[in-house]
Amino acid sequence: MSTSAEPQKVPSVAGARGAARRPGGTTNTTGTKEIELSAGTVAYEDTGGDGPTVVLLHGLMMDASLWDGTVSGLSAGHRCLAPTLPLGAHPHPMGADADLSLSGTARLVAEFLDRLDLRDVTLVGSDTGGALVQLLIAEGDGGRAARVGRIVLVSCEAFDNYPARVTGRTLALAGRLSPRLFGLFMQQMRLRPVRRLPVAFGWLTRRGDAATRRWTRPVMTRPGIRRDAVRTLRAAAADARRLAGAAGALGSFDRPALVVWAAGDRVMPPAHGRRLAELLPQGRLAEIPDSRTLVPLDQPERLALAIREFVAARHR
């Protein structure tokens, strides 16, 4: 066990966004690529380049733009890929028979890595994205985790904290509504004072209100996306049991692991960050000040620095 006794304080650093994109796949006019997977069409950002590969996973009711600031600090020396997973803010409805539970989405991530033939990946997960990383490791029989060289868990759901405290549990309750009523419920998110409530995004981010406003639009305006979101939320009880069980598999992950946690997080308990770092054989903990749960929104440069240093240590 190489867990540090005290959390590492990560300093701030500025980074530059790389502009290169790797050829292949379908690209629309904004530069976002798309890939056909078993569940449906998945959009993703890909900076290209020949550096170490970093794949970044977002949480519920979010899209790949969560990572824009962090990718700006990574892309000069890394190939960064950020898929928009079918978690409620995605652009294309999934197939009628798609498994949109968290376990199903973790398998979709493994399929994404396979289809793009990504190797020695640094797999990064924030919020529910971190739960997906844990499930991919725990349920990775058949080699689904073989392409993962190291992991980064960023203030994420773990153990018994799914859906996460008041924010996630409010969403899970709303998910019991019909898709149409769920869409009406989410109309409240048009109002900034509602978005800033603890039951919404208020405890998740200090500085990211513009992003949260954008993320909630698909479920307000698109019936197919509402149906997908409700399918995911209705699987929450079964997913909670799977995530709680995933902790038992962390001790067998024999590759480098970094746990990055927002100091004083009110949604993802800091004690969970320490526990994750202790369970992972090569785990270490870094603490980010002046941030709520969504570190990629509140402190993207500090997060990028932590990831850069972590990946560089493996490649020296």
Open item on the list: Please go through region 45-63 and give me each residue that is open to solvent by 10 Å² or more (accessible area, probe 1.4 Å) and either outside any strand (DSSP E or B) or under 17 Å from residue 88 (Cα atoms) (or both), ordered by number.
Closed with: 47, 49, 50, 51, 52, 60, 63
- [ ] Test residue 248 against the criterion of being surrounded by fewer than 20 Cβ atoms within 10 Å (Cβ to Cβ), farther than 25 Å from residue 185 by Cβ, in contact with a helix residue (DSSP H, G or I) (Cβ under 8 Å, 6 or more places away or on another chain) and not acidic (Asp, Glu), and give yes or no.
- [x] yes
Open item on the list: Could you tell me how many of the residues in region 201-222 are touching a helix residue (DSSP H, G or I) at 6+ places or on another chain (Cβ under 7 Å), over 21 Å from residue 290 (Cβ atoms) and open to solvent by less than 70 Å² (accessible area, probe 1.4 Å)?
Closed with: 4
Task: Breaking point among (1) under 18 Å from the mean Cα position of the chain (by Cα); (2) under 23 Å from residue 304 (Cα atoms), for residue 119 - done: (1)
Task: Single residue of 229, 257, 237 found to be at pLDDT below 95 and either under 21 Å from the mean Cα position of the chain (by Cα) or surrounded by fewer than 14 Cβ atoms within 10 Å (Cβ to Cβ) (or both) - done: 237
Open item on the list: Can you confirm whether residue 275 is charged (D, E, K, R), within 20 Å of residue 165 (Cα to Cα), in contact (Cβ under 8 Å) with a residue 60 or more places away in the chain and out of contact with any Gly (no Cβ under 6 Å at 6 or more places or on another chain)?
Closed with: yes
Open item on the list: Residues that are open to solvent by 10 Å² or more (accessible area, probe 1.4 Å), within 23 Å of residue 36 (Cα to Cα), in a loop (DSSP other than H, G, I, E, B) and touching a Gly at 6+ places or on another chain (Cβ under 7 Å): does region 141-158 have at least one?
Closed with: no
TODO: Please work out if residue 133 is in a strand (DSSP E or B), touching a residue at least 40 places away in the same chain (Cβ under 8 Å) and open to solvent by less than 10 Å² (accessible area, probe 1.4 Å).
DONE: no
- [ ] Being at pLDDT 95 or above and in contact with a Lys or Arg (Cβ under 9 Å, 6 or more places away or on another chain) is the filter; apply it to region 24-38 and report the residue that is farthest from residue 107 (Cα to Cα).
- [x] 33
Task: Checklist (1) outside any loop (DSSP other than H, G, I, E, B); (2) open to solvent by 10 Å² or more (accessible area, probe 1.4 Å); (3) in contact with an Asp or Glu (Cβ under 6 Å, 6 or more places away or on another chain) applied to residue 94, failing item - done: (1)
Task: Members of region 122-139 found to be within 12 Å of residue 162 (Cβ to Cβ) and among the β-branched types (Val, Ile, Thr), listed by number - done: 128
Open item on the list: Quick check on my filter: what residues within region 162-183 are more than 21 Å from the chain's Cα centre (by Cα) and part of a helix (DSSP H, G or I)?
Closed with: 173, 174, 179, 180, 181, 182, 183
Task: Flag if residue 100 is at pLDDT 95 or above, buried (at least 24 other Cβ atoms within 10 Å of the Cβ) and touching a Lys or Arg at 6+ places or on another chain (Cβ under 6 Å) - done: yes
Open item on the list: If residue 208 satisfies all but one of (1) modelled with pLDDT of 95 or more; (2) out of contact with any Phe, Trp or Tyr (no Cβ under 6 Å at 6 or more places or on another chain); (3) closer than 30 Å to residue 310 by Cβ, what's the number of the condition it fails?
Closed with: (1)
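The values are calculated or read from the model by the stated rules, or taken from the named source; none is laboratory data. As the structure is a prediction and not an experimental result, all values here were calculated from the model. Backbone-built Cβ (ideal geometry, glycine too); neighbour counts: all protein chains shown. Remember, those area values only see protein heavy atoms, side chains included, never the ligands or the DNA or RNA. Shrake-Rupley method; radii C 1.70, N 1.55, O 1.52, S 1.80 Å.
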